[in-house]
1. What is the spin-label model distance, in nm, from Arg79 to Lys199 if the labels are put 7 Å beyond Cα along the C-beta direction?
2. May I ask you to list the lysines whose Cα is less than 21 Å away from that of Lys99, ignoring any residue fewer than eight positions away on the same chain?
3. Excluding residues fewer than 8 places away in the same chain, name every one of the lysines whose C-alpha is closer than 18 Å to that of Lys224.
4. Can you list the residues, at least 5 places off or on another chain, whose amide H is less than 5 Å from the amide H of Tyr84, using H built in the peptide plane?
5. Along the three principal axes, how long is the stretch 56-161 when you take its alpha carbons, biggest first, rounded to the nearest angstrom?
6. Go through the stretch 80-166 and name the trypsin sites (Lys or Arg not before Pro) that are in a DSSP coil and have 14 or fewer other Cβ atoms within 10 Å of their Cβ.
7. Using a Förster distance of 45 angstrom, determine the FRET efficiency expected from the C-beta separation of Asn192 and Lys43, and round it to 0.05.
8. Full extension from Tyr143 to Thr68: what is 0.36 nm times the residue separation minus their Cα-Cα distance, to one decimal in nm?
Amino acid sequence: MRDVFIGRGLTKIVDLLFPLRCPVCDGIVPAGEGKVCRVCRRKIRYVSEPRCQKCGRQLNDDTKPFCTACAQTQHIFDRGIALYDYQSMKKSVYRFKYKKRCEYAAFYAEEIYRHFKTEILNMGADAIIPIPLHKSRLKSRGYNQAELIAAHLSRLTGIPLEKNLVKRVRKTVPQKQLDARARQNNLKKAFNIKPNVVKLNKTILIDDIFTTGSTIDAVAKELKRRGVETVYFITLCIGEGF
């Protein structure tokens, strides 16, 4: 995209002065290798078929429509997809969230669009909504990683971004510190939805990691209470299913 605005010759000079860093290893990307090191590109593991028809987790058994977790859980969201197997990209996502590697967001969004363009457009969503951070966490981190991805994906798909529609009104304990039941209790009354949500029929929630789906469910519950009919989600990473 930079080539379009500043010309290929100048782009090469910019690349020499300000070389891209690989979003997988964070090393400098050698000239001519694109946005990811050639070595790292081979390390990325994408979620592929068969996938759980509910959460998008990769399955080991193509005779089952759902992963074990989704078969045992009554989720509120309708369906979701995930791009990466968590283990192959966990260091990348950690730097993105906690080490201010905000520039990774454009790469992630382009990857999501490249792999799921048809699926996303078939969803027919009226809005893309990032999972919000509580204001205290947003202040300490300086940015909402889900919002950065959502903004880039909105531009790529043409689906409007609604970044202020959902508010996280209660500060919660980090979900990774809790078991499944505690996660659900932790998120009770954690989100608030603006009244004008009634104009939306289908939405896509954006988050970085899908673990149990408790956060997605909590937001989906509030959206559906306000009249949204269908709630999809897209996350960067998810673990393996069985």
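Rule-based calculations on the coordinates, nothing more; no lab input. If you're wondering where the values come from, they're calculated on a predicted model, not measured in any experiment. Cβ placement follows ideal geometry from the backbone for every residue including glycine, while neighbour counts extend to all protein chains displayed.
1. 2.7
2. Counting by Cα, and skipping residues close in sequence, Lys99 has these lysines nearby: Lys35, Lys90, Lys91, Lys135, Lys139, Lys176.
3. Answer for Lys224, where 18 Å is the Cα cut-off: Lys54, Lys163, Lys167, Lys188, Lys189, Lys194, Lys199, Lys202, listed by chain and number.
4. Here the answer is Val47, Cys237, Ile238, since their amide H atoms fall under 5 Å of that of Tyr84.
5. Principal-axis extents of the stretch 56-161 (Cα, largest first): 44, 29, 25 Å.
6. Numbers: sites: Lys90, Lys91, Arg95, Lys97, Lys99, Lys100, Arg101, Arg114, Lys117, Lys135, Arg137, Lys139, Arg141, Arg155, Lys163; in loops: Lys99, Lys100, Arg101, Lys163.
Here the trypsin sites (Lys or Arg not before Pro) that fit, given the DSSP loop and packing criteria, are Lys99, Lys100.
7. Numbers: r = 40 Å, r/R0 = 0.89.
My answer for the efficiency is 0.65.
8. On the way: separation 75, 0.36 × 75 = 27.00 nm, distance 3.42 nm.
Computed gain between Tyr143 and Thr68 is 23.6 nm.
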